[in-house]
Amino acid sequence: MSHDPTTTGKNRVLTGDTPTGRLHLGHWVGSIEQRVKMQDDYDCFFLLANMHAYTTRADKPDDIRRDTIEIVKDWLAAGIDPSRATIVLQTEIPAIAELSWYFAMLIPFNRVMRNPTLKTEIETKGLGDKYSFGFPMYAVGQCADILAFRPEFVPVGEDQVAHIEMCREVARKFDQLYCGIDSHSEDDAYETGGGVFPIPKALVGKVGRLIGTDGKNKMSKSLGNAVFLSDTPKQVKKKINAMYPGQSRDPDQPGDPAINPVFQYADVFIKDEAFVAELRERYTKGDNLGDGHVKSHVIEAVNELLEPMRTRRAEFEGPGGDDAVIDIIRDGTARANETAEATLYAAKEAMKLGFGERHLRWK
Ligand code: TRP
């Protein structure tokens with residue numbers, strides 16, 4: 001097995017977010033909740049993909065910087081703990097940029113352009129044929145984000161699975177070309193057989209797709225149908241109360257919970273499953289259960305989830321808050337560079353590019 005001097009012996013996890021704005025409940029159920037749970041049992045790296053933000057917003061550096069700091073506040077509020085997990089700033093990990101170049105040579109151009117996640121993004125963001133060269137390049141960069149840390153697992157939302165698949169292809173190709181791994185090997189045998197890279201596995205969160213408060217589309221900031229982790233109790237109440245329950249009915253008329261998006265929230269956010277089953281039964285029968293009543297339970301559950309987040313966030317609001325966040329980013333990134341540099345060194349050695357060890361200094 002290729003030697004990683006920075007291993008802790010725990011299985012390693014890497015995932016990340018592109019800083020594009022505040023995190024919402026869709027992010028929580030799709031990924032953040034899982035990250036918080038994994039911090040103790042895994043060696044976790046959480047990446048701020050700020051370089052990727054420039055692929056579509058190169059003209060908005062101020063916004064990207066602000067979003068980068070805000071997303072860390074969301075992470076910390078959600079319970080990501082920098083003493084247990086490593087927070088990584090992509091633009092200060094030079095190994096990622098270098099590996100991206102080498103990986104770009106291992107994947108056919110047309111394979112990148114066929115990536116369904118990129119195609120969807122081109123459509124939904126209305127990029128047409130005007131997107132930068134760097135835009136599709138980010139998918140290759142994402143392979144480097146992941147492989148620089150040689151993780152076993154990559155917890156992500158459903159929409160990212162195509163990217164993880166590409167990353168797995170790149171890892172296999174690298175190990176086959178430069179480490180003599182047989183192309184018929186099982187994925188688990190790549191690293192143990194002497195490959196530089198493991199073949200990481202995607203872990204998709206319990207709810208791949210949380211519906212937005214419009215009851216139609218996936219929750220998303222740009223569609224204006226999101227409940228943010230930073231929303232106040234009042235905002236939560238207002239947004240959920242405004243949801244259309246999918247049907248118009250009186251409390252004593254039978255209803256169909258299956259077409260009522262509020263019930264997806266009930267399933268996801270109300271911990272007492274028996275209670276949700278009872279609500280569902282009463283709703284189906286028309287047992288004097290109004291929509292407002294169902295919503296009030298959902299609002300309560302969501303606020304219960306967000307309340308401790310509000311308390312933790314308060315520490316980083318006000319003067320000095322941003323500086324404290326930047327310190328956390330620097331600490332994590334310094335640690336992350338040790339791991340990423342070790343990977344890069346191993347990869348370059350395998351590629352016959354070993355010309356001596358390099359030591360970066362970052363102040
Ligand atoms: N592309 C991911 C998203 O938009 C963010 C990301 C960048 C990422 N690098 C990553 C996710 C590496 C997982 C692993 O959500």
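The values are calculated or read from the model by the stated rules, or taken from the named source; none is laboratory data. Nothing here was measured: the structure is a model prediction, and the numbers come from that model. Backbone-built Cβ (ideal geometry, glycine too); neighbour counts: all protein chains shown. The accessibility values were calculated without ligands, DNA or RNA, using every heavy atom of the protein model including side chains. Shrake-Rupley method; radii C 1.70, N 1.55, O 1.52, S 1.80 Å.
Remarks
- Computed about its Cα centre, the charge dipole of region 233-314 is approximately 620 debye, with only Lys, Arg, Asp and Glu carrying charge at their Cβ.
- Working note: 222 nm ellipticity from helices only, DSSP H runs with n ≥ 4, each -39,500 (n - 2.57), summed and divided by the residues of the chain, gives -15500 deg cm²/dmol to the nearest 500.
- Alpha carbon centroid spacing (whole Å) that separates region 209-274 from region 51-124: 30
- Carbon plus sulfur fraction of accessible area for the chain, probe 1.4 Å, in percent: 52
- Non-local Lys pairs in region 1-144, i.e. 8 or more apart or on different chains, that have alpha carbons under 18 Å apart: 5
- Between the residues Phe263, Thr91, Ala324, the greatest Cα displacement towards the positive end of the dipole of the chain, with unit charges on the Cβ of Lys, Arg, Asp and Glu, is found for Thr91.
- Cα-centre dipole for region 135-236 with unit charges at Cβ (Lys and Arg positive, Asp and Glu negative), debye to 20: 600
- Residue order for Thr68, Thr20 - accessible surface, 1.4 angstrom probe, largest first: Thr20, Thr68
- Surface exposure of region 66-118, expressed per residue as accessible area with a 1.4 Å probe, stands at 37 Å².
- Spin-label pair Ala274-Lys238: with each label point 7 Å from Cα along the Cα-Cβ axis, the two points sit 3.8 nm from one another.
- Isolated cysteines in the chain, defined as those with no second cysteine Cβ under 4.7 Å, comprise Cys44, Cys179.
- Pairwise Cα separations in region 255-334 fall into 10 Å bins from 0 onward with the following percentages, short to long: 16, 34, 16, 16, 13, 4.
- When only the Cβ of Lys, Arg, Asp and Glu is charged (+1, +1, -1, -1), the dipole of the chain relative to its Cα centre reaches about 760 debye.
- Taking every full run of DSSP H in the chain, the ones that stretch at least 24 Å from end to end by Cα along their long axis and average -1.0 or higher on the Kyte-Doolittle scale are 61-78, 161-179, 291-314, 321-350.
- Accessible area of Glu300 in the full protein assembly, 1.4 Å probe (Å², nearest 10): 110
- Put simply, region 173-283 fits an ellipsoid with semi-axes of 46, 18, 13 Å; these come from the alpha carbon gyration tensor as the roots of five times its eigenvalues, largest first.
- Charge dipole of the chain about the Cα centre (unit charges at C-beta), most positive-ward option of Thr15, Val276, Met105: Met105
- Counting all C-alpha pairs of region 237-298, share separated by more than 13 Å (%): 56
- Put a dot 7 Å past the Cα of Ser132, heading toward its Cβ, do the same for Arg66, and the two dots end up 2.0 nm apart.
- Distance between the C-alpha centres of region 321-352 and region 128-181: 18 Å, rounded to the whole angstrom.
- Extending 7 Å from Cα along the Cβ direction at Ser296 and again at Glu357 yields two label points whose distance is 6.6 nm.
- For region 95-135, trypsin sites (Lys or Arg not before Pro) meeting the loop criterion (DSSP other than H, G, I, E, B) and having at most 12 other Cβ atoms within 10 Å: Arg114, Lys125, Lys130.
- The stretch between Arg312 and Lys285, if pulled fully straight at 0.36 nm per residue, gains 5.5 nm over its current Cα-Cα span.
- Radius of gyration over Kirkwood radius for the chain, both on Cα atoms: the Rg/Rh ratio is 1.01.
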